[in-house]
Amino acid sequence: MLEKRYDPHIVEEGKYDSWKSKGYFTAGDKSKEPFTIVIPPPNVTGKLHLGHAWDTTIQDIIARYKKAKGYDVLWLPGMDHAGIATQAKVMGKLVENGVDVTKISREEFLSYAWKWKDEYADNIHKQWARMGLALDYTRERFTLDSDLNYSVRTIFVDLYNKGLIYQGERIINWDPVQQTALSNIEVIHQDDEGAMYYFKYHVVDSNEYLIVATTRPETMFGDVCVVVNPKDEQYKKYHGKKVINPANGDILPIIEDDYVEIGFGTGAMKCTPAHDPNDFIIGKKYGFDMPIIFNKNATMNEKCGKYQGLDRYDCREQLVNDIKEKGDLVKIEKIVHQVGHSQRSNCVVEPMLSKQWFVKMKPLADASIKLQKTKEKVNFEPARFEHTFLQWMENCEDWCISRQLWWGHQIPAYYNKKTGEVLVSVNPPKDIENYIEESDVLDTWFSSGLWPFATLHWPEITDDYKRYFPTTCLVTGYDIIFFWVSRMIFQSLNATAKPPFKDVVIHGLVRDELGRKMSKSLGNGVDPIDVIDKYGVDALRYFLTTNSTPGQDMRFIDEKVESSANYLNKIWNSARYVLSVIPEEFKENDLEVKNLSPLDQWIINKLEKTIKDVTCNMEKYDFNAASGHLYNFVYDDFCSNYLEMSKVSLSSDNALKKETTIQVLLKCLKSIILMIYPYTPFIAEELYLNLPSHKESIMLERYPTYEKELINNKVNKEIELLFNIIKDIRNYKIENKIAPNARLDVLLNSKIKLFDDFDIYLSRFSFSNIRYTNESVVNQSGELKVYDDADVLIVNNTNKDELLAKLNKEKAFEQSEIERSSRMLNNPNFVSKAPKDKIELERQKLLTHQQNLQSILEKIKKI
RNA sequence: GGACACUUAGUUCAGCGGGAGAACGCUUCCUUCACACGGAAGAGGUCACAGGUUCGAUCCCUGUAGUGUCCACCA
């Protein structure tokens, strides 16, 4: 017997371990069609947040739903080593523990990092379990596993041999805190307060000078020339002349190039080829030296004279002061401009000339773009994210993939000690002693990009690979379309010649109550575990997956989780009722239509419609819409109406009637449990196991199916009428200040008795005594007349004005509806152009409104 | 500078070419045997603004304003 109140913690107890130990999460039933999802591997850097909870719950719903629909579902779990992020955290911890990190070796560091990984992986496992995720742990992967490393090396060598990976000296984004190169998308552009400094560049052997502006004066030590537009009249006289760099006295040529825009700034631009991507192009074009002026930690190097060793910002300040003293500072303008910050360390990134490994993007991007024009295309849900993806693909530049870190996949390149030649190979050369191994590791996203097939053992063509790849569906947030989704697509196309998945389901971000991003600095983060402790995991899951439209952000609102828990309590109690009316020895049978009362037929109709609507939206990954249909069925149709009315037939002496009612109740309940199950597996399992006949677990059940047109539609109208009469009587009581439980005499015309027990239902629901008569008590609106002889009405109605006002309001509404409807029907264009069913619908509406109006007029007359 | 999204009840959000919906909050009433984490009834919205398409627009199109996000090398 169920407790009176749904207690999530009791319900959740033990279920996950039981599912897991019985192997329900393990894929491999070859009799079924496969359905594959790979989890977006969380970083082993910390706790999972609400965003993970959302993301994984969506996947769990899909996995459980598809399994119930009869698929062999593989939901493959795993974690990401998260190069920079993890290395930074581990280093931080080591420093905290007093370890001198400048002295430790790569090997020592890695052993610490692996320990860290084990600890956090354990943590993540616990959270997954708490969330109830149906993950196939037998196939769990880690991005640094040795077989994944083999995939990574294979891909690297393949791309290298195809000429799609190259080593080159280019301007990259340098993170001076982590001391590694970054890719373009790891740089976040923020509005920062800064200044534009205007300096005099004196012309050699002349009293004249040019004014050159810069936001980064410290880079002047790397200047090689000043550039002006050849057509710029004001600078024509300086063509071929030279100027003096006010920072260090270097003589710089004046170069003419139409890259410089006339009228922008001063029209004269300083050129620092080693520290600016545009200047780099110009420097290359004219064959200038490219002096690098920073050390790796962004202090000034030996090229900066007396400023050597200073931090870049200290240098800037001192340099500007020094130039000012010489009288060569024209002005300083405060500005707000976009400055690149490192995604991980948040420090200001320094563009720097550096030798790194790159992926040549154009051919890979083109292949991805081409794919989207074919039938094999990746289907984005919602579709607009395909544009986001394509746009990025069309414009992306070469991808810097080398990182000066230890934690990651080491690049499989070897430098010959004698010749310096580079050997790129999956396995180390046999004469390894003659080589120096590349110390750089790969960008984390390089290995993440192989996730859908590397986790299935590619390049080995295993049974799993053959069966589960390409995967079916990928769920992730729109914030990592560029980082991850796009890279999986082009990596997969290159490696396997297939797209990695059929569908990509994109969701938004979880925000706080005020719509702000959750962040550590704001301290507004919500720990999913706290929410689970408070309301239970099912309530959290239900909240997360039913409160936003696909692709849209969502606010976390505590009250909504609470209301989700209340909904589950409602289902719980409806189950409690149904179970309480089932006799000891009871056999579940298929329903026989001929035994069904009109009410039974009505609820079965509603149920069929609900299953259809829910299934349809589940297939579209629209879990909000799907849950809405179920919610309405549970509250309005099942609990408020059928369940209450079942009490009538259950109290009758007719055994068949009773039996049938129980069968119907049970069918509804079971369907509800099965439909809520993917959202809230714990409570669903608990209720399911309390059903009179059940399998070992709800995880072995099949999703409910619907049959079209099980029963004719006529009964629906009769039942609607019954509800309307009940509503009328309730309203009558309220309007007349009669207590809701006061027994009112209600007189009905005999012909209204639409089916057996009609009056009993009515009586029970309206707390009234129902009598029938053949006299003309029928008002013009229809079939009902409350026995409101004038005395009763007036005596009980304490506020006639209020009642009249209300009725007049209703009257006005009906009149306006009638007018609207008539106007439509009298419009020849509408009648000739609108679809037939719409016209018929409108006729029906007009009729209804006319009847309503009559009824209201009658009531008004009596006041 | 580009791209995308959003603007609907007090709040948070759904929705839709043909009578504006939910949750929470609010008002009134009810402990009646599944549930007071409940029930019944109700108040509350020129669906941002302006044009256009259409027999008909909250919905489709164009533009405007506001908000937000992403992308972009402009000294």
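So the values come out like this:
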{"item": "Given A:Lys809/A:Lys861; A:Lys594/A:Lys695; A:Lys570/A:Lys737; A:Lys609/A:Lys714; A:Lys609/A:Lys717; A:Lys609/A:Lys836, the pairs whose alpha carbons are separated by over 19 Å", "result": "A:Lys594/A:Lys695; A:Lys570/A:Lys737; A:Lys609/A:Lys836"}
{"item": "For the stretch A:462-486 and the stretch A:253-272, distance of Cα centres in Å", "result": "47"}
{"item": "Distance from the stretch A:657-674 to the stretch A:552-600 (C-alpha centre basis), Å", "result": "10"}
{"item": "Isotropically averaged projected area of the stretch A:1-100, using the convex hull of Cα atoms (one quarter of hull area), nm²", "result": "10.5"}
{"item": "GluC sites (Glu not before Pro) within the stretch A:665-700, DSSP loop, no more than 11 other Cβ atoms inside 10 Å", "result": "A:Glu696"}
{"item": "The stretch A:67-107: trypsin sites (Lys or Arg not before Pro) in DSSP loop, at most 11 other beta carbons within 10 Å", "result": "A:Lys103"}
{"item": "Accessible area in the full protein assembly, largest first, 1.4 Å probe, for A:Arg487, A:Arg820, A:Arg730", "result": "A:Arg730, A:Arg820, A:Arg487"}
{"item": "Chain A, Cα convex hull volume normalised per residue, Å³", "result": "255"}
{"item": "Per residue accessible area of chain A, 1.4 Å probe, in Å²", "result": "47"}
{"item": "Net +/- balance of residues flanking A:His507 in space, Cβ distance below 11 Å, scoring K and R +1, D and E -1", "result": "-4"}
{"item": "³J(HN,Hα), Karplus 6.51/-1.76/1.60, whole Hz, each residue of the stretch A:517-527, x for Gly, Pro", "result": "4, 6, 8, 5, 5, 7, x, 9, x, 10, 7"}
{"item": "At R0 = 25 Å, FRET efficiency that the Cβ-Cβ distance of A:Glu433 and A:Ser111 yields, to 0.05", "result": "0.50"}
{"item": "Charge-dipole axis of chain A as Lys and Arg at +1 and Asp and Glu at -1 on Cβ define it, positive-most pick from A:Val426, A:Phe446, A:Val561", "result": "A:Val561"}
{"item": "Computed lengthening from A:Leu656 to A:Glu584, 0.36 nm per intervening residue step minus Cα-Cα distance", "result": "24.3 nm"}
{"item": "Rg in Å to one decimal, and Dmax rounded to a whole Å, for the stretch A:329-478 via C-alpha atoms", "result": "20.7, 72"}
{"item": "Trypsin sites (Lys or Arg not before Pro) restricted to DSSP loop in the stretch A:385-440 with at most 15 other C-beta within 10 Å", "result": "A:Lys417, A:Lys418, A:Lys430"}
{"item": "Inter-part distance where the stretch A:27-50 and the stretch A:302-328 are each reduced to a Cα centre, Å", "result": "54"}
{"item": "Where only C-alpha atoms are counted, convex hull volume of the stretch A:481-597 per residue in Å³", "result": "246"}
{"item": "Estimated FRET transfer efficiency when R0 is 25 angstrom, pair A:Glu562-A:Leu721 (beta carbons, to 0.05)", "result": "0.10"}
{"item": "Net charge of neighbours whose Cβ lies under 13 Å from the Cβ of A:Asp258, counting Lys and Arg as +1 and Asp and Glu as -1", "result": "-2"}
{"item": "Environment charge at A:Thr154 (Cβ cut-off 13 Å; Lys +1, Arg +1, Asp -1, Glu -1)", "result": "-1"}
{"item": "Unsatisfied cross-links (Cα-Cα over 28 Å) in the set A:Lys498/A:Lys620; A:Lys47/A:Lys69; A:Lys32/A:Lys667; A:Lys270/A:Lys326; A:Lys231/A:Lys303", "result": "A:Lys47/A:Lys69; A:Lys231/A:Lys303"}
{"item": "Of all accessible heavy-atom area on the stretch A:580-622, the percent that carbon and sulfur account for (1.4 Å)", "result": "44"}
{"item": "Carbon/sulfur fraction of accessible area - the stretch A:230-286, other protein chains in place, 1.4 Å, %", "result": "53"}
{"item": "Equivalent-ellipsoid semi-axes of the stretch A:637-709, from the Cα gyration tensor, Å, largest first", "result": "25, 14, 12"}
{"item": "Exposure rank, largest accessible area first [A:Thr299, A:Thr661; 1.4 Å]", "result": "A:Thr299, A:Thr661"}
{"item": "Nonlocal amide H pairs with A:Val475, under 5 Å, H built at 1.01 Å", "result": "A:Val505"}
{"item": "Length gained when the stretch A:Thr419-A:Glu397 is fully extended (0.36 nm per residue, less Cα-Cα span)", "result": "4.8 nm"}
{"item": "With every protein chain in place, the stretch A:60-147: carbon and sulfur % of accessible area (1.4 Å)", "result": "51"}
{"item": "Cβ-Cβ FRET estimate between A:Glu707 and A:Gln179, R0 fixed at 56 Å, reported to 0.05", "result": "0.25"}
{"item": "Segment A:Leu841-A:Glu460, length gained on full extension (0.36 nm per residue, minus Cα span)", "result": "131.0 nm"}
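The values are calculated or read from the model by the stated rules, or taken from the named source; none is laboratory data. Quantities reported herein were computed from a predicted structural model and do not represent experimental measurements. Glycine also receives a Cβ, built like all others from the backbone with ideal geometry; neighbour counts cover every protein chain displayed. These area figures cover heavy atoms from the full protein model, side chains too; ligands, DNA and RNA do not enter into them. Shrake-Rupley method; radii C 1.70, N 1.55, O 1.52, S 1.80 Å.
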